[in-house]
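First up is the structure itself, then whatever we jot down about it.
The values are calculated or read from the model by the stated rules, or taken from the named source; none is laboratory data. Small disclaimer: the values here were computed from a predicted structure and weren't measured. Note that we place each Cβ from the backbone using ideal geometry, even for glycine, and neighbour counts take in every protein chain shown. These area figures cover heavy atoms from the full protein model, side chains too; ligands, DNA and RNA do not enter into them. Shrake-Rupley method; radii C 1.70, N 1.55, O 1.52, S 1.80 Å.
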Amino acid sequence: MEPEPQSPETVIEVRGLGFSFDGHPVLEEVNLRVRRGDFLVLIGPNGGGKTTLLKLILGLLPPGRGEIVVLGTSPRRAARRVGYVPQNVHVNRSFPISVHDVVRLGSLGAGGRFFRRSPTAEAAVRAAMEEMGVWELRRKRIGQLSGGQLQRVFIARALVSRPEILLLDEAMASIDAQGRAEFYDLLAELNRSATIVAVTHDTMMLSPRVKSVACVNRRLHHHDAGEITPELLEAAYRCPVDLVAHGIPHRVFEMHRED
Amino acid sequence: MIDALQMEFMRHALLAGLLVSLVCGVIGTLVVVNRIVFLAGGIAHAAYGGIGLAIFLGWPFLAGTLGVALAAAAAMAAVTLRARHRADAVVGVIWAVGMAAGVVLIDLTPGYRSDLMSYLFGSILAVPAAELAEMAAVAALVVAVVAAGYPGFLAMSYDPEFARIRGVPVAALYVLMLALIAASVVIVIRVVGLILVIALLTIPPFIAESFSGSLRGMMVRASVLSALFTVSGLLLSYALDLTSGATIILVAAAGFGGALLWRRLFPGRPVQAG
């Protein structure tokens with residue numbers, strides 16, 4: 001199916017998306033439009049389909065039904081212009097690889113080359129590492145880093161190719177409470193040049209830096225402002241939620257009955 | 001010991017051991033970091049069916065064995081790529097069927113008296129010069145292919161999902177890796193036997209992993225360790241008049257135990273890149 005032409009400021013367009021895993025519906029009738037420059041946070045309970053939605057946008061999974069257009073083309077074609085920071089930064093920690101080589105993976109595929117190392121690619125690797133403050137760690141083995149350092153290394157890897165869109169899956173999970181404000185400042189800085197879509201299951205992770213919020217729990221509820229209302233949460237979550245954000249007092253929602 | 005080197009069969013055995021070490025160090029590293037030891041074992045045992053088939057049909061050893069090993073590798077690649085959660089069981093089936101088919105085909109071959117032990121533990125002390133040349137060719141091919149595709153193999157092994165996003169042909173590299181395993185296993189089985197192949201594919205890379213800062217460094221260390229175990233095992237078996245393949249494995253196992261002890265006594269020693 002040929003993607004339809006779209007207005008230039010829309011970078012991700014999801015229409016009527018459905019996805020099932022082993023006959024079990026994960027996402028149903030999802031519609032989402034992300035504009036260039038947005039800082040969108042996708043919240044929702046574990047197993048609500050947030051990670052699946054990111055993988056569909058990256059072209060790692062084929063949509064069951066509906067359509068996804070990324071940067072005016074198919075997700076697979078757009079993937080090299082999208083930066084991805086995966087959820088499980090802790091897997092493969094025993095792997096014999098230096099921090100420098102992990103970030104170098106981010107320059108793979110530039111210009112269709114996989115098997116050569118060019119001076120421009122090396123410069124881009126260094127720039128991304130310096131930007132994330134991990135250049136000094138380059139000689140360390142990946143397993144020696146703390147969770148927060150790892151997170152910065154994986155963001156540096158995603159930044160090497162100067163992506164137009166940055167997708168982060170549970171990026172704040174391994175950062176302690178003190179580091180979070182600083183981390184959001186960093187994302188806000190990155191947001192000046194890239195559209196950001198970040199996924200989290202924890203509403204504690206929200207910040208004034210966020211421009212819009214969508215809740216994913218099989219269906220998607222988009223809210224065009226950087227705040228979450230109790231109604232939005234109640235629509236998205238089927239479980240009690242702690243909510244501390246934007247002056248909404250700490251509260252716990254009632255269990256939502258199954259429909 | 002010096003007089004041992006005077007004998008041609010011993011020189012051949014040492015050379016074969018070094019070539020096997022090179023192949024196993026490089027391929028074994030990929031096997032260990034990709035966590036496909038079971039799959040490599042499956043390919044090795046399926047190759048056994050190839051040995052039986054070659055003997056039964058009167059084909060040249062290499063054609064029959066390599067053909068069956070590559071077919072098994074292709075089947076395993078297809079299953080692993082499509083239905084990862086079913087892969088374990090299917091590999092187990094191919095493993096058992098390959099081995100059983102090999103034994104039955106040899107039973108059915110009129111007048112052929114097989115010595116099962118020689119295929120299990122190989123006959124490193126009886127390597128003809130022609131087979132050394134074959135092994136050298138396969139070793140050169142394996143090292144050249146892995147070196148040429150190194151960044152791709154590294155990306156696939158470390159983070160296949162990210163590699164796919166960057167446009168790396170992960171599925172093709174995976175199939176190529178299994179084909180390289182099949183080719184290596186076939187050529188190595190002929191000389192050192194099935195059990196030694198699996199031991200050398202796993203023990204040296206496993207020891208090397210915790211002492212290496214890069215995949216390349218792990219390959220080099222695994223090859224060196226493998227050579228160390230093979231040569232010392234060979235000389236020990238000569239001195240004590242023991243089965244060479246089994247002695248090499250026990251020496252490697254002792255090295256494995258020593259490495260575990262070392263890591264326990266000196267934990268968290270920083271590893272530099274390289």
Exercise. Considering each of B:F153, B:F56 in turn, give the residue that is aromatic (F, W, Y) and open to solvent by 70 Å² or more (accessible area, probe 1.4 Å).
Key: B:F56
Practice problem: Could you list all residues from region B:197-224 that are more than 14 Å from the chain's Cα centre (by Cα) and part of a helix (DSSP H, G or I)? | Solution: B:I207, B:A208, B:E209, B:L215, B:R216, B:G217, B:M218, B:V220, B:R221, B:V224
Quiz item: Of the residues that make up region B:159-179, is at least one more than 21 Å from B:M219 (Cα to Cα), part of a helix (DSSP H, G or I) and touching a strand residue (DSSP E or B) at 6+ places or on another chain (Cβ under 6 Å)?
Solution: yes
Quiz item: Based on what the data block shows, is B:L141 touching a helix residue (DSSP H, G or I) at 6+ places or on another chain (Cβ under 8 Å) and in contact (Cβ under 8 Å) with a residue 60 or more places away in the chain?
Solution: no
Self-check item: Residue identified as open to solvent by 10 Å² or more (accessible area, probe 1.4 Å), modelled with pLDDT of 85 or more, among the β-branched types (V, I, T) and over 20 Å from the mean Cα position of the chain (by Cα) among B:V79, B:V68
Solution: B:V79
Exercise. Could you tell me whether region A:34-54 includes any residue that is more than 12 Å from the chain's Cα centre (by Cα) and among the polar types (S, T, N, Q)?
Key: yes
Self-check item: Any chance B:S184 is within 23 Å of B:M76 (Cα to Cα) and either among the small types (G, A, S) or touching a strand residue (DSSP E or B) at 6+ places or on another chain (Cβ under 8 Å) (or both)
Solution: yes
Quiz item: Quick one: is B:S223 open to solvent by 10 Å² or more (accessible area, probe 1.4 Å) and in contact with a Lys or Arg (Cβ under 9 Å, 6 or more places away or on another chain)?
Solution: no
Quiz item: Out of B:A199, B:A208, which single residue is crowded, with 24+ Cβ neighbours inside 10 Å and within 14 Å of another protein chain (Cβ to nearest Cβ)?
Solution: B:A208
Exercise. Please tell me if A:G72 is within 14 Å of chain B (Cβ to nearest Cβ) and either farther than 22 Å from B:R82 by Cα or surrounded by 23 or more Cβ atoms within 10 Å (Cβ to Cβ) (or both).
Key: no
Quiz prompt | Set B:A144, B:A130: member being more than 14 Å from every other protein chain (Cβ to nearest Cβ), assigned to a helix (DSSP H, G or I) and open to solvent by 30 Å² or more (accessible area, probe 1.4 Å) | solution = B:A130
Quiz item: Would you say A:R157 is surrounded by 24 or more Cβ atoms within 10 Å (Cβ to Cβ) and under 23 Å from A:I57 (Cβ atoms)?
Solution: yes
